[in-house]
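Working notes, structure below.
The values are calculated or read from the model by the stated rules, or taken from the named source; none is laboratory data. On a predicted model such as this, the values are computed, not experimentally measured, just so you know. Cβ sites come from the backbone with ideal geometry, for glycine too, and all protein chains shown count toward neighbours.
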Ligand code: MG
């Protein structure tokens, strides 16, 4: 059995009047992500962690933001396509761990829905998906509510 580890990172600017979608979940907020796709920074960081673990480059290589077919794309579709790429190489998700850094709104009420949503797309049980959320203690661009940052770690197994 082979085993791999990957890291992912994503950040997006926030602007008033845009939808906020994180981990495949719509979150009520007065501001949302500025992006070519739906701006789901959780899924983007997760895809990079998964692709990194499989040494399959990065999300921008597979789904370029200059390609009109990805405009306003639901990022859950990108995650599904990423999992397909892994499965073509016989890689399966073992566990993922996500940290979302966002000043507001508080995400505690949405973490379990993100967990089950992401688990279903990755064909794993929810206990293999960890979602953590924190603020940046009012420091820097995250602290001023100008952006969101997500860090992701993933382990894959090949049976
Ligand atoms: Mg992104």
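Report yes if residue 23 is more than 10 Å from the ligand (Cβ to nearest atom) and within 16 Å of residue 153 (Cα to Cα), otherwise no.
So residue 23 fits the description; yes.
Of the helices (runs of 4 or more DSSP H) lying entirely inside the stretch 9-93, those containing at least 2 residues that are within 12 Å of the chain's Cα centre (by Cα) span 41-53, 75-88. With respect to the conditions (1) under 19 Å from residue 25 (Cα atoms); (2) within 14 Å of the ligand (Cβ to nearest atom); (3) surrounded by fewer than 18 Cβ atoms within 10 Å (Cβ to Cβ), residue 123 lacks only one, and its number is (2). Scanning the stretch 84-98 for residues that are surrounded by fewer than 19 Cβ atoms within 10 Å (Cβ to Cβ) and within 16 Å of residue 52 (Cβ to Cβ) returns 85, 89, 92, 94, 95, 97. Among the residues of the stretch 43-61, those that are at negative phi and out of contact with any helix residue (DSSP H, G or I) (no Cβ under 7 Å at 6 or more places or on another chain) comprise 45, 49, 52, 53, 60, 61.
Among the numbered criteria (1) out of contact with any helix residue (DSSP H, G or I) (no Cβ under 7 Å at 6 or more places or on another chain); (2) on the phi < 0 side of the Ramachandran plot; (3) surrounded by fewer than 15 Cβ atoms within 10 Å (Cβ to Cβ), which single criterion is violated by residue 77? Going through (1) out of contact with any helix residue (DSSP H, G or I) (no Cβ under 7 Å at 6 or more places or on another chain); (2) on the phi < 0 side of the Ramachandran plot; (3) surrounded by fewer than 15 Cβ atoms within 10 Å (Cβ to Cβ) one by one, residue 77 breaks only (3).
Out of 113, 118, report the one residue that is more than 14 Å from residue 49 (Cβ to Cβ), in contact with a strand residue (DSSP E or B) (Cβ under 6 Å, 6 or more places away or on another chain) and part of a helix (DSSP H, G or I).
Working: 118 fails: more than 14 Å from residue 49 (Cβ to Cβ).
None of the others qualify; the one that does is 113.
The conditions of being within 16 Å of the ligand (Cβ to nearest atom) and farther than 24 Å from residue 4 by Cβ are not met by residue 104.
The lone criterion from (1) touching a strand residue (DSSP E or B) at 6+ places or on another chain (Cβ under 8 Å); (2) within 14 Å of the ligand (Cβ to nearest atom); (3) under 16 Å from residue 117 (Cα atoms) left unmet by residue 82 is number (1).
Candidates are the residues of the stretch 52-63 that are more than 13 Å from the ligand (Cβ to nearest atom) and at pLDDT 95 or above; the one that is surrounded by the most Cβ atoms within 10 Å (Cβ to Cβ) is 53.
How many of the residues in the stretch 5-15 are more than 18 Å from residue 79 (Cα to Cα) and either buried (at least 16 other Cβ atoms within 10 Å of the Cβ) or modelled with pLDDT under 95 (or both)? Walk me through it before giving the result.
So the first thing to find is which residues in the stretch 5-15 are more than 18 Å from residue 79 (Cα to Cα), and the list is 13-15.
Pick out the ones that are also either buried (at least 16 other Cβ atoms within 10 Å of the Cβ) or modelled with pLDDT under 95 (or both) and you get 14.
Residues that pass the stated criteria total 1.
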